[in-house]
Amino acid sequence: MQENHLMLIPRPALFSFQECIWFLNRNYDDCLHTIRDATVTKAVAFGSNDLLFKVREEGAFLRIEVLSGAPDTALKNQLVDYVTFWFDLERDITPFYQLLETDPKLAYMATDYKGLRLMGIEDLFEVLCWSIIGQQINLTFAYKLKRRLVERYGRKIEYAGEVHFIFPDPEVLAGADLAELRVMQFSLKKAEYIIGMANVFKTGMLSREMIVNEPDFEARQKKLTSFKGIGVWTANYALMKSLRDSAGIPHGDVGLLKALQHHNFIADRKESTKINVLLSRFKGWESYLVFYLWRSLAPK
DNA sequence: CTCCAGGGTAGTC
DNA sequence: GACTACCATGGA
């Protein structure tokens, strides 16, 4: 591998690459990255350029190596930005850890999950499709559905005997056959929502830039929920993962409620007042708290 | 067979 | 604005 296909990013404080890729892996089967030997490999498109790259820790740096594709300087910069966003490397999470320490029930997280970052999904179309897929079904099945969709409609890069997929473009999914999605075990509504969203992005009715340019969180949420298939849960999840908005709280999320019960913050799932009190104590870090609570649902 | 899973829509009051 | 029926599909 040539030297010009390597990039190094300084590892920030309170960052654990291992915790991050452990979360990416968990006990699920995500088709959009491969994790092995403390290295994550992923394919991604920058405009018309498909790249395959891998990331691992090397001393005080994250080491990015391009495996497929011939990136120029601009593209390499884009890749560095992409990884920086993905792992949320530019954020100083010290304030969040200080908040965790103030809560007896949560303080352990600062030790057990030390350095875990809120893993992002920058592409708004991808995160909306993913959250629509994940509505009201268990995650094991949701990852299955995502894999079927991606393997059928996404591009792929083959390297060293392995296939790496890129999430399908809206232009492709807009032309997807409803009946074919039904065969893949998408419910009728989900199939309609996915194809509908693809058309919305294809025709330029919605883009990440449009959401970023909205004045505030309320406006962003309102814009997103104006489309069929996107309720508050889906909109907030997307804003949390794609815009890293701390107010992007997936209210009513089953996993969140379960974790809150496990930690004895609530006795049953209707105690929204208690939940809001907890969240208000984590002002500015609500989405990080949600992410860490999700983390707590998986085994160590 | 029943209940649950990282919800959403449309209708009613 | 809050509450309710209904949708939909695999997994435990």
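Determine the distance separating the Cα centre of region A:28-91 from the Cα centre of region A:160-187; give it in Å without decimals. Centre-to-centre distance over Cα atoms comes out at 23 Å. Amide H contacts for A:ASP88 (H built 1.01 Å from N in the peptide plane; partners 5 or more residues away or on another chain; cut-off under 5 Å): A:GLY120. The residues of chain A expose on average 47 square angstrom of accessible surface per residue, using a 1.4 Å probe on protein heavy atoms. Taking amide H positions as modeled 1.01 Å from N, with prolines and chain starts lacking one, the residues under 5 Å from A:PHE61 and 5 or more places away or on another chain are A:ARG11. When the alpha carbon gyration tensor of region A:172-290 is reduced to an equivalent ellipsoid, the three semi-axes, largest first, read 30, 20, 10 Å. The Kirkwood radius of chain A, taken over pairs of alpha-carbon atoms, gives through the Stokes-Einstein law at 25 °C and 0.890 mPa s a diffusion coefficient of 121 µm² s⁻¹.
By the equivalent-ellipsoid construction on the alpha carbon gyration tensor, region A:129-172 comes out with semi-axes of 22, 13, 6 Å, ordered largest to smallest. Projected label points at A:ARG182 and A:GLN18, each 7 Å from Cα along the beta carbon direction, are separated by 5.0 nanometres. Taking only the C-alpha atoms of region A:3-90, Rg followed by Dmax gives 12.6, 37 Å. Between A:LYS241, A:LYS42, A:LYS283, the Gaussian network model of chain A with springs among Cα atoms under 10 angstrom shows the greatest mean-square fluctuation at A:LYS283. Set the bar at 23 Å for Cα to Cα. Now go through A:LYS146/A:LYS202; A:LYS156/A:LYS222; A:LYS42/A:LYS146; A:LYS114/A:LYS300; A:LYS156/A:LYS202; A:LYS189/A:LYS258 and name every pair that lies beyond it. Beyond 23 Å between Cα atoms: A:LYS156/A:LYS222; A:LYS189/A:LYS258.
Tell me the net charge near A:VAL200. Cut-off is 13 Å between Cβ atoms, A:VAL200 excluded, with +1 for each Lys or Arg and -1 for each Asp or Glu. If you can, show how the numbers build up before the last one.
Details: positive: A:LYS202, A:ARG208, A:LYS223, A:LYS228; negative: A:GLU171, A:GLU192.
Surrounding charge for A:VAL200 is +2.
Which value in deg cm²/dmol, rounded to the nearest 500, describes the helix-derived mean residue ellipticity at 222 nm for chain A, given -39,500 (n - 2.57) per DSSP H run of n ≥ 4 and division by the residue count?
Calculated mean residue ellipticity at 222 nm is -13500 deg cm²/dmol.
The values are calculated or read from the model by the stated rules, or taken from the named source; none is laboratory data. Being a predicted model, the structure only gives us computed values, none of them experimental. Here the Cβ is made from the backbone with ideal geometry for all residues, glycine too, and neighbour counts use every protein chain on show. The area values use the complete protein model at the heavy-atom level, side chains included, leaving out ligands, DNA and RNA. Shrake-Rupley method; radii C 1.70, N 1.55, O 1.52, S 1.80 Å.
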